[in-house]
Structure formats: C-alpha cells, structure tokens
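Only one structure is covered here, and it is reproduced in the block below.
The values are calculated or read from the model by the stated rules, or taken from the named source; none is laboratory data. Treat the numbers as computed from the prediction; the structure is a model and nothing was measured. Cβ sites come from the backbone with ideal geometry, for glycine too, and all protein chains shown count toward neighbours. Surface areas here come from the heavy atoms of the whole protein model, side chains and all, with no ligands, DNA or RNA. Shrake-Rupley method; radii C 1.70, N 1.55, O 1.52, S 1.80 Å.
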Amino acid sequence: MNQANMTKQEIMNRVFSGAASNPLFPPRLGADDRPRCESGTLLGMVRFILLLLATLSIFSPAHAATDIGGIVQNPLQPASADLPVALLPAKPVNAPVQAVSAPPPQFFDYSANLNSDVFGAQLFSGAFARQGATQFNPEYLIAVGDSLQIRMWGGFELDAMFTVDPKGNIFLPHIGPVKVLGVRNQDLQKTVEDAVRRVYRANVFSYASLAAAQPVRIFVGGFVHRPGLYNGTSMDSLLHYLDQAGGIDPNRGSFLDIQVKRGDNVRATVNLYHFLLQGRMPLVQLGDGDVIFVTPRKNTVKVSGLAESAKRFEFDGTGNYSVADLGKMAKPLAQATHIRVVRNTGTVKNVEYYPMDKAVQVSLQNGDELEFTADKKPGTITVRVEGEHLSAQEYVLPYGSKLGDLMKNIQFSASSDAPNIQLFRQSVRERQKLMLGAALKSLETSVLTARSSTNEESRLRKDEAELMLQWVERAKKVEPSGQVIIAQDTQRNELLLENSDVIRIPKHDGLVLVNGEVLFPNAIAHDPKLDLQDYIKRAGGYSQSADTSRVIVAHRDGGFEEGSAGSWSFFGNASSQVAIKEGDEILVLPKVQTKSIEVTRGISQIIYQIAIAAKVILDL
C-alpha cells in the first residue's frame, strides 16, 4: 500500500505491532536473547525512526524541514538519492499549491491620447507597449547580465551560453576570464578571438554572438499618465517604456524635452518631434535603474483651417518662432492664402490677418490660435450646357456673366425646345435639401410625441410610428433637382450665372409622362385633344391608393399646376381642364391615412415638396 494513501491508524499499527510480517523490523527479542543482538536490530531501529518521521511529515505538511542524519530535508522538494525510496518523505496529497506567475500588465485606456488635439498624442496607443523581438544594433555595449553564445571548434570544442558576471567578465574553459563589459556588439567577435588566440595558437576557431540583453527595470516619471517602474530590456526603445506608462500627458507633458537620467546625470535628451516629422529616433541603451523623465510642456499654439495637421503644436520659446516655422509641421494646403492669428496673451484679445507671403515675419506667442484661410476673389466660372443643341458642352465665362451672354453662343438644332430651357443650380439644390430636412424633422417630432388615451391605442401608435420613421428615412435619401424656373421669365437673360450651373435644352419628343398612383405608369404620345383625365385613363386609371383630388402637372419649364376631379387644391382652384403640353409630367399623389390629423398634414406637405423638388412620388 502506498504510504501517502495510508491512514494514520494503519501506519501506527505497522510501526508498533512488532509483527513478523513487518519487513522493517526483526522479531522481538526476549530478555535472554539480548546479548545475541545483531546489527540488524540497529538497522531496524533506524528504519523505525525514519519511518516515524516520514509519517509525521505526511500529517504535518506545514512543517518546513526535517533533520535526518544532519541533512535538512524539505518534504515538498525531491528527496536525496542517498535515502531509501521507501523512507523518502511523501508529498502531501491535499496540500494547496500556489501557482507562481507574473502579474498581468494593467490595462490602460488610451482613448484620451487618441482623441486629443495635441500633435503627437496619438503616438501612444499601446502599440509600443507590446513586447517584441529584441534587436541588437552594432553600437550596443555589452552590459552585466547579458547572455553570450560562445562556440569553439577544431582542437577544442565548446558550445555554451555565458552570462556576463558582475565584474564584466565571462569565464571560458581552459582560457580564463575574458573582459567584455563595455565592448561594442560589433567588436565582440574580435575580443573573444583575441582571448582564444592567447591560449590556442592554431587549430581552434571561435564564434561569439549576443544572445539576450540584460533585463532591466526603468523608472518613468514626470508628466506621464502612470509614473512607475517598468520592466524591459536594455535594448528596448524609450517609446516602449513611455507607452507602458500610458504615454505623455498631452495637457501637461512636453514632447520636445524627454530626459534619460542615471543618477544626477542626464545621459540623453530626446525630441519626439524629430521622430514624428523626420523619422529620427536616437538609440539610447538603458541600464537598470535609469529614469525616463518627461519635462513640463512648453509654449503651444493651436492650428485650424486649411492645414494637413490641424493640431496643437508645442514650441520652444527661447528664440523667435514664426508662422513659417509652424508651417513646416502643420503643412498648410495649397489653397491657403492668408493667416488669421488670434492673440490670447494679456488682458486684451486681438485678431491679426496676414497673407501667406509674410509668414516669416509673423512671430508666435504662447497660447496663440492660428487659422489658415483661403481669401480668393472669383475670376472665372464654368457652366455646362446639356441637351439638344449643336454647341460646346462646357463654357468658361468671366465671373458675373449673365444667362444672355451664354445663350448667344449656343446654336440650337431643329428639335430643340428653346422656349423651355431649364436651369439647375447647386446652391438651390442644397437649399431644397435643407428645407426638406427641416420638414422631415418636424414630422418625426409629431410622430414621436403623439399621445394615446388607451393601451391599445398606444400599441397601434407605436406600430404606426415605426412605419412613419422608415418612410422618413427613405425621404431623407431623395435628392432635389435644384431647378430654377426661368422659362416664363421675361428678364431671364439678365440672370447672373453661378459656377457649376447646368443649362439643359429640352427636345421636342411629343410625349407626356404619367407617373404615381396609376395602374400603368407610362409615357403617352401628346395629343392636344386629350385632357388630364384622358391621359390618366390611358395609363390604366387611378390605383386604389390614389388621391384623385391631388394630381400635379409638372411642366417642362419647371412650372407646376394642379388638376383634380374635386374642387379643392393646394394650388388654388383645381380643375381637370389643365392644358397638357408636350413634355409635361402628370404626378398622381397617394392618399395619406393616419390616426393623427397633424401627422397626415405633415406627410402630405412633404410628399408635395418631394414631388415638386425632385419629381418623385414617395408612397407610404
């Protein structure tokens, strides 16, 4: 039976029973037999004592060590090979074992750095904090604790790893100590070869390489998010330790003056702007106990407007710092022509305005706000002419040109509908989009704030509101045409043109479009004898969801009229006797049925706006 699984009573029975079956003890001796005691009896007694001590160690796992023949034996460690296996202290079965592992690194929220407007704050996002493969540069100096791989072959063979001792040496067999402390990585091979040649003149070759850098602990202090002591290697970058500390505090720390200290001496000073703008990072070999100190932030200026890097920049106020110096970092765009400077120092806030060619003469002060702007006067504009004509498609005109100046250069064809020319303007399209958005916002408010008197009505309104909001989202995607009605204007030749205007010359096609809530939306040949209802009948008539009192006739020149079977109209007196012209479009609007009069009115208004602005029927 395994001693570790025996109960206390069973072990005690075996120890004190004195039975002949016990292999550890000889039979008991009588009084007359004592003179004949042999050495086996003494061995049995020794075994008895050892077994008793082993038994006590099983039931006393907290006992740290047992003295066995002058040897201190830990019951939780492997036993000495000099002791019999049966007498070795057994490991406790249910003793708790604490796992020894390095604590996981603390998580840091880098969102403050990523959302900061300070130039360089996004550098610290946790990417440098992750441990990477150690890379050794040729200028690395061998330090105490570094691991060196030494290989020798020929008359003497060796392949082993050596650690630089506190005296800066490694001890090579048959050669002795070799001084390597402070030796550059690129000179390590020569140093080892010279030491080997002093003992082995020939037929022994050597190869030495740096295997692992010394583990170090570096203090990071000053204006960082988490000052503290951080682990790494002597070859890790300064950014590795700063990133572990959460990075430089963008509101307090300096990116221009980061010091590496050893004791009271400043070993190196790092400017992170050199890394961000030029890709230069000095290689600083850190030692155990070195301090990375971030100094307070220096002068700052905020940049906005037409610049690639619209950030808050730091500069040293020891010299004359001009806008031209700042422009090397902010990178103003090509269209920037002027600089607006807001002076925030002192009790009076002043605003200054300079052209870009005077940037060298404008000095900056701490707290200034600078904006790159484009102060350009319009010179020429471009207008595109589309549709049925025989002239060029694109015209470059002086700023301030009128429609009449352009029409003189357009040659119409035989099928051109010159009286009904159309003008589409970008600025009008944007205003139509804004008005439609305001109407949709008002409708959303009405739908979401409608009250209900009962639970059943509340559930119905909820379902209806979801459908209304889906329709609103569809309506937001409608793009107005931006058409300007100019066909019937007697003074249209005096209309000023804008950049990116589009002039469209319609074509005599002899068609009338019928769209909306009809059974068969289609294009129908124009017939002067047909009225509005005749065209609707030829399109299959009204659908079940059509509102027969709401029919819009959109003319080619951009004008609108309303014709209906009833007597009421949004545009005035409705009539089915609207004169249908060639190129017109008949829009039959849908019925709007909701439980709220206010919502119904809002939807009806928006449907009209969309039909007029984009000639699109957006049904529920």
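Nearest 0.05, what FRET efficiency do residue 189 and residue 265 give at R0 = 25 Å with Cβ-Cβ as r? Mind dumping the intermediate values first?
Details: r = 31 Å, r/R0 = 1.25.
Between residue 189 and residue 265 the formula returns 0.20.
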Margin query: How would the stretch 168-323 be classified by its alpha-carbon gyration tensor: rounded, prolate or oblate, with rounded meaning a/c under 1.5 and the a/b versus b/c comparison settling the rest?
Written below: prolate
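Rounded to the nearest percent, how much of the accessible area of the stretch 249-389 (1.4 Å probe, protein heavy atoms only) is carbon and sulfur? The partial results should precede the final answer.
Values: 3400 of 7460 Å².
Roughly 46 percent of what the probe reaches on the stretch 249-389 is carbon or sulfur.
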Margin query: So, for the stretch 167-240, what is the accessible surface per residue at a probe of 1.4 Å, expressed in square angstrom?
Written below: 50
Check: Taking a 25 Å limit on the Cα-Cα distance, which of the listed pairs 377/433; 311/358; 311/377 fall beyond it?
Finding: 377/433; 311/377
Check: Cα extents of the stretch 235-285 along the three principal axes, largest first, in whole Å?
Finding: 27, 24, 18
Item checked: Nearby aspartates and glutamates by direct alpha-carbon distance to residue 328 (threshold 20 angstrom, same-chain neighbours under 8 apart not counted) -> 117, 257, 308, 314, 316, 357, 368, 369, 371
Notebook entry, point to check: Scaled to the compact-protein estimate 2.2 N^0.38 Å, what is the alpha-carbon radius of gyration of the stretch 465-565, rounded to two decimal places?
Noted result: 1.37
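What number comes out for the charge environment of residue 492, summing +1 per Lys or Arg and -1 per Asp or Glu over other residues with Cβ under 11 Å away?
-2
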Check: Using a simple charge model, +1 on the beta-carbon of Lys and Arg, -1 on the beta-carbon of Asp and Glu, nothing else, what dipole does the stretch 373-503 show about its Cα centre, in debye to the nearest 20?
Finding: 340
Item checked: Spin-label pair residue 451/residue 231, simplified geometry with 7 Å Cα→Cβ offset, distance in nm -> 6.7
